[in-house]
Amino acid sequence: MYKVFLNKFKSQWIPTRVIICIMMFTCCWTSYMCRLQMSILAVPMIKTLEDQQLSNGACAETSKSRRSVFIDSEDSSEELNKNGNFTHVLLPRKINTTDTVLLSDDNDNTYYNYTDALILDTQKSKRTAGFHLFSNAPFKWTPFIRGQLISAYAWGNVPGNFLGGVLAQKFGPRRAVLWSSILASFVSLATPILAQLSWIALLISRVIIGLTGGITFPACHTLVAKWSPPDEKGRFVWTLQGGTFGSIFLFGIISGIAEKINWESGWYIPALSMMVWIVFWWFLAYDSPEEHPHIGEKEKQFIVQSLSGTVNVEKPSFSNTPILKILTSIPFISLVLCHFGNVFLLFFYQNGMMLYQTKALGFKLTKGGVVSGLPWASRVLFAFIFGWIGDTIKRKDKLSVTALRKCATVFSHFLPGVCLIVVGYLGCSIVWANVFLVLALGFNGAASISNLSNNQDLSPNYAGFLYGIMNTVGSLSGIMISPIVEEVAGKWGHPIEKWQILFWIGAIVCITCMVIFIIGGSGKVQSWNEVRSNNPHRSNPSSSNREETTATTKT
């Protein structure tokens, strides 16, 4: 009776493909939740000697009257001493192992050799050794360890994306996402305990979560290829901004939980929420209209007929995938490099912005989280606008698909690069620096009609597999960024002038990748999109219907 009522309600009021869009949107949200946790919680979880170089961040000299609107006036060093949990270290510059530093606590002020200070700090933390579920005590780890922990997600994400493309093609996106999400939620739930074992155990857990996260987007791209009519492609791809939308709240929510409750709850609460979401995914998500048991016949025929010229009903097997042709295709290679620039920018924000806001600009944890989430809000808004514009241009045939994708990269790659350069020269102008950070990621929303849609253009049949390769290469940037941030800025205490170098690096990568795509990119369906059927007696709809579909489109 329940299923009959649900089926009748959906068929009358909510198109099934809208349900699929909602599930993809929330799928990306939960994936980003696991992705962002470490970069946010690394701030309250880890206290290094270098972090105490300035009490209110590298911009502490900015006038209090201008900063008090955004930043708490209480001296964070006094708060630390009252708690008695960590030490305050006065470091006017980059420290060497032979330097003398001041360790101050409630009892005395004593100068130590830096190496001895680290040993004493470690010994002090061992006095409270043991497993605690809600201790909220930070770990005394180095900037190097912090960088490795933040980048560990990408170490798993790189092979995870390729694995995701294969699993989505072999078992279907529904099962691929289900299995990976179950594993990710349990590992996230156990993370605070694993962290107390050692930072190596924490690093391994992040690699595992990265592996599961890599499966999400190739699987969702497979769903887009199977469910989206051509004129709705941009809006379907926009649903993959669910992760970006989630980031708006996740930065503030997770950092708020960590500051107001404890950092352990920043792992527990999202993990439990993800477990609830998994139940909805199992009951509502299906691989294709043909496999959905409750879709209306009219809607099913509309979707199938609109895709009949390019998408096979039969799932392509891995053995039939033209891997060599794909890997040697100039348009696809150009797309991979363009996508690398986009993912580099996203990881730069995900892995670096909390450190920039809290260590360089001096925001407290919760406020830093809220401010770090603002650029993601602009990205969601801009992506929706760009997606609507892209669909309108395609429907009215104002530009070729190739021209549309290349023009879009000016917004998704070039303008963000320019904005990052501007931020680097704004120094401690807190308001204007964040305005241009918001604009940079906002303009990047145009990626929904540039690199994030182009794999669907080149090969709808292998869209998920292509995205798996794209994101495998793109996720390499996540491995690079955190160590670069810690090497360039972290070990110096995150001064603004060092962040200027980091912003230049981000800009150069984005703009260079755009130029490559403009030269070699394409929006045409490639010849290797054709699928060799496993059934020799079955005709291939991709080839048999191509001329008919093309003629209908032109008419």
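The values are calculated or read from the model by the stated rules, or taken from the named source; none is laboratory data. What you see is a predicted model, and the numbers here were worked out from it, not measured in a lab. All Cβ positions, glycine included, derive from the backbone under ideal geometry; neighbour counts span all protein chains shown.
Kindly establish whether PHE249 is modelled with pLDDT under 90, aromatic (Phe, Trp, Tyr) and under 22 Å from the mean Cα position of the chain (by Cα). Even if it seems obvious, please write down each step before you answer.
Details: modelled with pLDDT under 90: yes; aromatic (Phe, Trp, Tyr): yes; under 22 Å from the mean Cα position of the chain (by Cα): yes.
So PHE249 passes the test.
Every residue in segment 436-487 that is within 16 Å of the chain's Cα centre (by Cα), closer than 19 Å to CYS407 by Cβ and β-branched (Val, Ile, Thr), please.
Of everything in segment 436-487, nothing turns out to be within 16 Å of the chain's Cα centre (by Cα), closer than 19 Å to CYS407 by Cβ and β-branched (Val, Ile, Thr).
Just to be sure I understand, how many residues within segment 358-370 are under 18 Å from GLN37 (Cβ atoms) and of a type outside the set (S, T, N, Q)?
Number satisfying all stated conditions: 4.
Go through (1) farther than 29 Å from PHE236 by Cα; (2) at pLDDT 85 or above one by one and return the number of the condition ILE182 breaks.
Among (1) farther than 29 Å from PHE236 by Cα; (2) at pLDDT 85 or above, ILE182 violates only (1).
In segment 298-346, which residues are at pLDDT 90 or above, closer than 30 Å to PHE245 by Cβ and of a type in the set (A, V, I, L, M, F, W, C)?
PHE332, LEU335, VAL336, LEU337, CYS338, PHE340, VAL343, PHE344, LEU345, LEU346, listed by residue number.
Here is a yes/no grid of residues against (1) in contact with a Ser or Thr (Cβ under 7 Å, 6 or more places away or on another chain); (2) modelled with pLDDT under 85; (3) of a type in the set (Lys, Arg):
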site	(1), (2), (3)
HIS221	no, yes, no
VAL224	no, no, no
PHE236	yes, yes, no
PHE245	no, yes, no
TRP277	yes, no, no
PRO289	no, no, no
ILE295	yes, no, no
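From (1) under 24 Å from GLN456 (Cα atoms); (2) out of contact with any Lys or Arg (no Cβ under 6 Å at 6 or more places or on another chain), pick out the condition that doesn't hold for SER205.
Among (1) under 24 Å from GLN456 (Cα atoms); (2) out of contact with any Lys or Arg (no Cβ under 6 Å at 6 or more places or on another chain), SER205 violates only (1).
Take segment 389-405 and flag every residue that is touching a Gly at 6+ places or on another chain (Cβ under 7 Å), surrounded by fewer than 24 Cβ atoms within 10 Å (Cβ to Cβ) and not acidic (Asp, Glu).
Let us first name the residues in segment 389-405 that are touching a Gly at 6+ places or on another chain (Cβ under 7 Å), namely 390-391, 400-402, 404-405.
Narrowing the set further to residues that are surrounded by fewer than 24 Cβ atoms within 10 Å (Cβ to Cβ) leaves 391, 400-402, 404.
Scanning segment 389-405 gives SER400, VAL401, THR402, LEU404.
Checking the structure you have, find out if any residue of segment 282-301 is under 23 Å from the mean Cα position of the chain (by Cα) and in a helix (DSSP H, G or I). Break it down into steps so the answer makes sense when it comes.
First, the residues of segment 282-301 that are under 23 Å from the mean Cα position of the chain (by Cα): 285.
Still in the list and also in a helix (DSSP H, G or I): none.
Scanning segment 282-301 turns up no residue that is under 23 Å from the mean Cα position of the chain (by Cα) and in a helix (DSSP H, G or I).
Residue by residue through segment 242-281, note down the ones that are assigned to a loop (DSSP other than H, G, I, E, B) and surrounded by 17 or more Cβ atoms within 10 Å (Cβ to Cβ).
Selection gives ASN262, TRP263, GLU264.
Does at least one position in segment 200-207 carry a residue that is under 21 Å from the mean Cα position of the chain (by Cα), under 19 Å from GLY160 (Cβ atoms) and polar (S, T, N, Q)?
Scanning segment 200-207, I find at least one residue that is under 21 Å from the mean Cα position of the chain (by Cα), under 19 Å from GLY160 (Cβ atoms) and polar (S, T, N, Q), so the answer is yes.
Picking from GLU290, GLU297, GLU259, which residue would you name as being in contact with a Lys or Arg (Cβ under 8 Å, 6 or more places away or on another chain), farther than 27 Å from VAL187 by Cα and of a type in the set (Asp, Glu)?
GLU290
Select from segment 505-531 the residues that are part of a helix (DSSP H, G or I) and either among the β-branched types (Val, Ile, Thr) or farther than 30 Å from LEU404 by Cβ (or both) and list them in ascending order.
The answer is ILE505, ILE508, VAL509, ILE511, THR512, VAL515, ILE516, ILE518, ILE519.
Output the residues belonging to segment 473-485 that are surrounded by fewer than 22 Cβ atoms within 10 Å (Cβ to Cβ) and touching a Gly at 6+ places or on another chain (Cβ under 8 Å).
Selection gives PRO483 alone.
How many of the residues in segment 502-515 are in contact (Cβ under 8 Å) with a residue 40 or more places away in the chain, surrounded by fewer than 19 Cβ atoms within 10 Å (Cβ to Cβ) and aliphatic (A, V, I, L, M)?
Selection size over segment 502-515: 1.
Scan segment 9-31 for residues that are modelled with pLDDT under 85 and either under 24 Å from GLU264 (Cβ atoms) or not small (Gly, Ala, Ser) (or both) and jot them down.
PHE9, LYS10, GLN12, TRP13, ILE14
Hey, can you tell me all the residues within segment 395-408 that are more than 16 Å from CYS513 (Cβ to Cβ), in contact with a helix residue (DSSP H, G or I) (Cβ under 7 Å, 6 or more places away or on another chain) and part of a helix (DSSP H, G or I)?
ARG395, VAL401, LEU404
Here are some conditions: (1) buried (at least 21 other Cβ atoms within 10 Å of the Cβ); (2) in contact (Cβ under 8 Å) with a residue 60 or more places away in the chain. ALA408 meets all but one. Which one does it not meet?
Here ALA408 meets the rest and fails (2).
Suppose we filter segment 211-241 for residues that are without any contact (Cβ under 8 Å) to a residue 60 or more places away in the chain and buried (at least 24 other Cβ atoms within 10 Å of the Cβ); how many remain? It would help to see each step written out before you state the result.
Taking segment 211-241 and keeping what is without any contact (Cβ under 8 Å) to a residue 60 or more places away in the chain, we get 211, 215.
Keeping just the survivors that are buried (at least 24 other Cβ atoms within 10 Å of the Cβ) gives 215.
Counting residues in segment 211-241 that are without any contact (Cβ under 8 Å) to a residue 60 or more places away in the chain and buried (at least 24 other Cβ atoms within 10 Å of the Cβ) gives 1.
Filter segment 345-369 for residues that are touching a Gly at 6+ places or on another chain (Cβ under 7 Å) and not in a helix (DSSP H, G or I); which is surrounded by the fewest Cβ atoms within 10 Å (Cβ to Cβ)?
Out of the qualifying residues, it is GLY362.
Of everything in segment 317-332, what is part of a helix (DSSP H, G or I) and either touching a Gly at 6+ places or on another chain (Cβ under 7 Å) or more than 16 Å from PHE162 (Cβ to Cβ) (or both)? Give them in sequence order.
SER319, ASN320, LYS325, ILE330, PRO331
Per-residue answers, yes or no, for (1) touching a residue at least 12 places away in the same chain (Cβ under 8 Å); (2) over 30 Å from GLU259 (Cα atoms); (3) surrounded by fewer than 23 Cβ atoms within 10 Å (Cβ to Cβ):
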position	(1), (2), (3)
VAL371	yes, no, no
SER378	yes, no, yes
PHE386	yes, yes, no
GLY417	yes, yes, no
TYR425	yes, yes, yes
ALA447	yes, yes, no
ASN451	yes, yes, no
ASN454	yes, yes, no
ALA463	yes, yes, no
